[in-house]
Each structure stands twice: as C-alpha cells, then as structure tokens.
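The values are calculated or read from the model by the stated rules, or taken from the named source; none is laboratory data. Note that the structure is predicted; figures quoted are calculated from it, not measured. When we count neighbours, we look across all protein chains shown, and the Cβ atoms used for this are built from the backbone with ideal geometry, even at glycine. Calculation scope for accessible area: heavy atoms of the full protein, side chains included, ligands and nucleic acids excluded. Shrake-Rupley method; radii C 1.70, N 1.55, O 1.52, S 1.80 Å.
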Amino acid sequence: VILTNLGALSIKLNLMDDAKNFYIQLLNAAKIEPIDRNSELIALNNISIVSYNLGQVTEAIEYWEKTLELGKARGSAQVVLDALINLSNLHYQLKQFDKSAQYHESYISVSKQLGDVGALAKSYLGIAEVQEKLNDYDKAREYYAEALKLYQQKNDNEGLANVNILIGRTFQAQQKYQQALEFYNANLEVESTLETRSLAASLQGKADVLRM
C-alpha cells in the first residue's frame, strides 16, 4: 500500500521518475509468492502512464501490453478496454495506423460483449478516424454508419450531429460533393434542436462544398 501511495503522490507532484521507481518496486514486490495480482495490475498500469508522461512511448506500449494480458487473465473487462484504447491511441500517435486499427477492432469486440453502447459508439468513431488516416474513406464511412445507428438507438442528437459532419467530411475528401451536402444538411436539421459547437462546423463544411 505504501508504494502505491508514494507512486500516486509522486505523480501529483510531477515527480515522474520517482513515481516510476516506486511502481517498479511495487511490481517486483507483487510478484513475490504469494503473488498479488491486484498490486501487479496497479503497478503495470501506472508504469505505463508514467512512462508515457516521460515520453517513453515504446516502454509505455510494452507495459500496457502486459496490463492487457493480465486484465484478460483476470477477466477484468474495464482494464482490458482501457489498455486497448491506450494502445490504439499510442500506435495512432506513432502513425502506426494498422496496429491502431487492430486494437480498435478488439475494443469493439469487448464493447459488444459488455453491451456498452456508449463505448461501442466511441470505438466506431475511433477506428473510422484511423481509416481516414489510411485514406480508406469507404471503410471509414462503414464505421461511422455503425456509430450513427447506435446514436439513433439512443436518441442522442448531439452524437448524430457529430457523425453527420464526419460522414460529410469523408465524401468531401473524395470530391463527392452532393453526398457531402446531404450529410451537412442532415446535421443542420439535427442542430436546430441543439445548442452545440458542431453547427459552425457544418455550416463551414457546407460553404466549402458550395465553393467547389
């Protein structure tokens, strides 16, 4: 417990090197028989976070992969989800978009098992963005369409407005301006019931298309 507290306090004080050392000590102590899997999981996760904050991205990935393995072994769905999204985001930052997409696919699979509609919608948006980076706009739209269905089920107009813009953006990138306009206009209809920031984005997108 003391090592966990020292690590957490060091993070609050922005003493990342000290925090990492405390969590490494915790990890080593957790592996002594009888093995303390809970402390091991806490240590792995926090070493990942601290490594990332220190700019040690490769090491952060290594420890989040270990966190993912242990989370799976313990049947901890939330730990698995957190590790998957972090791994996807890190590979995205490294422009390793194929790997990022693979972790997003796993995230989608776990979210489906849990029936977590909100997490599932976000995961579809995430992998769609990765596909855009790969210039696969058709594939990106497939995922955006899945997110759109979920927001419709939830009657989440803010989510619908956001996805309409994103789908319009993919059509615009392919110079399919009529289809882009349809989704920008659909967004404006939804926006009439909301007070959100995406109204300006939709109007800008529509203006850009009309200038083409």
Q: Quick one: in region 137-187, of everything that is open to solvent by less than 40 Å² (accessible area, probe 1.4 Å) and more than 30 Å from K99 (Cα to Cα), which residue is modelled with the highest pLDDT?
A: L181
Q.
I need every pair where a residue in region 45-73 that is at negative phi and in contact (Cβ under 8 Å) with a residue 12 or more places away in the chain has its Cβ under 9 Å from the Cβ of a residue that is part of a loop (DSSP other than H, G, I, E, B) and of a type in the set (S, T, Y), sequence separation at least 6 or different chains.
A. L70/S76
Q: Considering only residues that are open to solvent by 50 Å² or more (accessible area, probe 1.4 Å), under 15 Å from K66 (Cβ atoms) and assigned to a helix (DSSP H, G or I), look in region 22-37 and name the one that is modelled with the lowest pLDDT.
A: R37
Q) Any idea which of (1) surrounded by 18 or more Cβ atoms within 10 Å (Cβ to Cβ); (2) modelled with pLDDT under 95; (3) over 25 Å from K99 (Cβ atoms) is the one L41 doesn't satisfy? A) (3)
Q. How many residues does region 117-136 contain that are modelled with pLDDT under 90 and more than 14 Å from the chain's Cα centre (by Cα)?
A. 1
Q) Which residues, counting only those in region 113-168, are part of a loop (DSSP other than H, G, I, E, B) and closer than 20 Å to N86 by Cα? A) D116, L134
Q. Just one of L54, L81, L134, L87 is open to solvent by 20 Å² or more (accessible area, probe 1.4 Å) and within 26 Å of R37 (Cα to Cα); which is it?
A. L54
Q | Matching residues in region 57-78 - criterion: being open to solvent by less than 40 Å² (accessible area, probe 1.4 Å) and of a type in the set (G, A, S) | A | A60, G71, S76, A77
